Amino acid sequence: MSSAELRKKFLEFFEKQGHKIVLSSSLIPDDPSVLLTTAGMQQFKKYYTDPALAPAPNIASIQKCFRTSDIDEVGDKSHLTFFEMLGNFSFGGYFKEEAIGCAKEFLESIGLKIEYATVFAGDEKTSFDEESYRVWQKLGIKDIRKASREDNFWGPTGKEGPCGPTTEIYINGVEIWNIVFNEYYCKADGTLEKLKIPGVDTGMGLERLAMVSQNKKNIFETDLFEPLMRLMKGMAGGWSARIAADHARGVVFLIADGVIPSNKEQGYVLRRLIRRVIPHLKERQPLSRFDDGMPVPKLASLKMLAEQVINQYGEEKMYMYLLDKREEILKVVEEEQQRFLQIYDKGSKILSKLIDSAKDDKTFKIQGTDIFGLVTTHGFVLEWIKDMAKLRGIELDLGGFDEEFKKHQEISRAGQEKKFGGHGLFLDTGELKAANEEELKKVTRLHTATHLLQAALRKVLGDAVEQRGSDITSERTRFDFAFSRKLTPAELKKVEDLVNEAISRALEVTMEEIDFEEAKKSGALHFFREKYPPRVKVWTAGDFSREVCGGPHVKNTREVGKFVILKEEAVAAGVRRIRATVG
C-alpha cells in the first residue's frame with residue numbers, strides 16, 4: 001500500500017470514528033519549552049490540562065516532526081530526523097480500551113497483524129498498567145510484554161507537561177505505534193500529579209508503517225524514499241545516501257516553515273543538516289558502472305534532492321505549499337552550499353591529513369583541539385567529522401573538544417567585558433547591551449525606535465514582514481526581518497518618515513502584563529522563534545505599535561529623537577537587515 005494511501009486511510013478511519021481532522025502545525029512550535037515540533041501531540045499539549053480549549057474531544061492528524069536526538073543513528077534501517085507522525089488524540093472523550101481497540105482495528109483494516117504489544121511494568125513512582133494489559137488480553141493478543149519506564153512511560157515534551165504510561169505495538173520486530181495515556185502532569189521539579197481528565201496521545205511513524213505495509217527491509221526502500229535513493233544510485237555506500245535522503249527532507253521542510261541557516265537555535269539545526277549532507281554527496285564517489293552496464297550519471301547534488309522532495313511531497317494536498325515556496329527553498333540551499341564550499345576544500349584536506357596522521361602514529365585518534373579547529377574555522381559540523389572518523393576507523397577526542405569549546409566561550413565572554421569597559425555589562429539582555437547608565441539611556445531610546453521601525457515596515461510592506469532578530473548597542477540598532485526582496489529608496493524613505501512621524505506625535509509608551517495567549521489575540525507582535533513565558537509584558541506606543549517585549553523603553557516617543565536609517569541589506573535568502581540610529 002502506497003504512503004499516500006496510508007495517509008488517506010488513516011484519516012478516513014478516524015474520521016468515521018468521530019474524530020475531527022486537524023492540519024499539521026509548523027515545525028516551529030508555539031511552545032517556549034522546545035526548539036522544534038518533535039511529536040504529534042505538541043500542538044495539542046494545552047488541551048490535556050484544559051480539555052475545554054480543544055476544538056473537539058477527539059482529534060486525528062498527520063503531523064510533520066523533527067528530532068535531533070537520533071541524528072547519529074540516521075543511516076540505519078529506521079531512524080530519521082524528519083518524519084510524519086500519524087496520531088489520534090482524545091481529551092476526555094475516550095481512554096485505554098477504546099484507544100487500543102481502534103489501533104488494532106485500523107492495522108487489521110490495512111492487512112497488518114500485530115506481532116506483540118508492550119505495557120508499562122510499573123516502578124517506585126507509578127504502578128503497573130494492568131488495565132492496558134487486560135485490554136490486550138481481551139482482544140486476543142497472546143504476546144504482551146512488560147517494559148520499564150525508559151521504554152513505556154512517555155513525556156513530558158519540554159520541562160513540564162502531561163505524561164503517562166504507554167503501550168507499544170510491534171510488527172515484524174519494529175515498533176509501529178506508541179499509545180500514550182496521559183494520566184499525570186509532570187511539574188518542572190519532576191513530581192507527578194494526577195490529571196483531572198485523562199487523555200490519549202498516539203503516534204505512528206508513517207515511514208515505519210510504510211516499511212511493514214510495503215514489506216520492505218528498511219524505510220529507505222519504501223516509496224517515501226525510493227525516488228531520492230534512485231537519484232543517488234551511483235553513490236558508493238548506501239549509508240551516505242540514506243543520510244543525504246533523510247537530511248534533504250528535513251532541509252526542505254525546515255526552510256518551508258521559515259527557518260534560515262544561522263549559528264543558533266533552529267537555524268543552526270538547518271545549517272548542520274546542509275553542511276553534513278554536502279560532504280557526503282561530494283566525497284562518496286560514484287561507482288564506475290551500474291549493474292546493468294549503463295554509465296553512472298552525475299552525482300546528485302543537495303539542490304537536486306531538494307527539488308525531488310518538493311515535487312514528490314507537493315503532490316499531496318497537505319504539502320502543496322512546498323510548490324509555492326520552491327524558489328525560496330532552493331535559493332536558501334544554494335546560498336548556504338556556496339558559503340560552505342568556499343572553505344570546504346581546505347578543511348577537507350586538513351581532516352584527511354589528521355586521519356592519515358592518526359593512523360601513521362598508531363593512536364587512531366584525532367585530538368579535541370583539531371576537531372575544534374575544523375568546526376570553528378572551517379565550518380564543518382561535528383556529525384560529519386564523526387561520519388568520516390567512522391568510515392576510516394578513527395576515534396575522536398570528544399571530551400577534549402568539549403573542553404576546547406568551553407574555553408572558547410570563556411574567551412568570548414572576556415572579550416565582551418573588555419569591549420564594554422572591563423567590568424562586565426551594565427545591561428545585557430542578549431538583544432540590548434550597555435556598559436553604563438549613559439549607554440543604557442541610548443539603548444533604551446534605540447529599543448523603542450526598533451519597535452516603531454517594525455511597525456512602520458509592516459505598514460509600508462505588509463504583514464509578510466516578520467522579525468528574525470535584533471541587536472542593539474549604544475551606537476545603533478540592527479533589525480533583521482523576513483522579506484523577499486530589496487527595499488526601494490522610496491520605501492526606505494517612507495519607513496523612516498513614518499517612524500519620525502510617530503516620534504513627533506509624542507505618543508505615550510505604556511506596558512501591561514497579560515497572558516501570552518491573550519497578547520497574541522490582541523494583535524501584539526512577537527518574535528515567533530522566541531520562547532515566551534505564560535505571562536508576558538506588552539509595550540504599546542499610542543496607536544502606532546504594540547509588541548510583546550521585556551523592556552526597557554522610553555515613556556514617550558518624543559524621547560527617542562530623530563530616527564535615521566543607515567543601511568539596508570540582505571543577510572540570507574528571504575531575510576533583510578536594517579541598521580539605524582537616533583540623534
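Things to note:
- The range 225-399: relative contact order in percent, alpha carbon pairs under 8 Å with at least 6 residues between: 21 percent
- Among the trypsin sites (Lys or Arg not before Pro) within the range 530-562, those in coil by DSSP and having at most 13 neighbouring Cβ atoms inside 10 Å are Lys531, Lys555, Lys562.
- Note on Arg230 and Glu175: the model spin-label points, each 7 Å out from Cα along the C-beta direction, lie 3.3 nm apart.
- Cβ-based exposure ranking for Asp360, Asp201, in which fewest neighbours within 10 Å come first: Asp360, Asp201
- Taking Cα atoms only, the orientation of helix 437-461 departs from the longest principal axis of the chain by about 70 degrees.
- Chain lengthening between Leu398 and Glu410 when straightened (0.36 nm per residue, less Cα-Cα): 2.5 nm
- C-alpha center-to-center spacing [the range 353-403, the range 453-477] in angstrom: 41 Å
- Two-site FRET efficiency, Val564 against Ser522, from Cβ-Cβ distance with R₀ of 45 Å, rounded to 0.05: 0.90
- Computed from the Cβ-Cβ distance with R0 of 22 Å, the FRET efficiency linking Leu53 to Glu512 stands at 0.45.
- Over all Cα atoms in the range 225-399, the spread is summed up by Rg and Dmax: 17.2, 57 Å.
- Alpha-carbon centroid distance for the pair the range 151-202 / the range 561-583, whole angstrom: 47 Å
- Extension gain (nm, one decimal) between Glu221 and Ser148, 0.36 nm per residue minus Cα-Cα: 23.1 nm
- Lys16-Lys159 pseudo-label distance in nm [points 7 Å out on the Cα-to-Cβ vector]: 4.6 nm
- Computed E for Asp345/Lys555 - FRET, C-beta separation, R0 35 angstrom, nearest 0.05: 0.05
- Neighbour counting of Cβ atoms within 10 Å sorts the residues Thr448, Thr191, fewest neighbours leading, into Thr191, Thr448.
- Cα gyration tensor shape of the range 540-583, rounded if a/c is under 1.5, else prolate or oblate by comparing a/b with b/c: oblate
- When the pairs Lys104/Lys146; Lys365/Lys407; Lys142/Lys217; Lys325/Lys486; Lys159/Lys317 are compared against a 27 Å limit on Cα-Cα distance, Lys159/Lys317 fall above it.
- A viscosity of 1.306 mPa s and a temperature of 10 °C, combined with the Kirkwood radius over C-alpha pairs in the Stokes-Einstein formula, give the range 3-220 a diffusion coefficient of 91 µm²/s.
- Fewest-first ordering of Glu124, Glu73 by other beta carbons within 10 Å of each residue's beta carbon gives Glu124, Glu73.
- Mean Cα-pair separation over length for the chain, i.e. relative contact order, pairs under 8 Å, 6 or more apart, %: 9 percent
- Loop sites in the range 161-218: trypsin sites (Lys or Arg not before Pro), DSSP, at most 10 other Cβ within 10 Å: Lys217
- Gyration tensor (alpha-carbon) shape descriptor, the range 433-582, a/c threshold 1.5: rounded
- With 20 Å bins beginning at zero, the pair-distance distribution over Cα atoms of the chain amounts to 17, 45, 33, 4 %.
- Computed from Cα atoms, the angle from the helix 489-504 axis to the main principal axis of the chain rounds to 70 degrees.
- What separates the Cα centres of the range 7-61 and the range 506-554 is a distance of 28 Å.
- Relative contact order for the range 444-566, counting Cα pairs under 8 Å that sit 6 or more residues apart, in percent: 32 percent
- Start at zero, step by 5 Å, and the Cα-Cα distances of the range 97-183 spread as 3, 14, 27, 26, 17, 9, 4, 1 percent across the bins.
- Computed extension gain for Thr376 through Asp543, at 0.36 nm per residue and net of the alpha carbon distance, reaches 55.5 nm.
Just so you know, all these numbers are worked out from the coordinates, no wet-lab data involved. These numbers come from a predicted model, not from an experiment. Every residue, glycine as well, gets a Cβ built from its backbone with ideal geometry; the counts of neighbours run over all protein chains shown.
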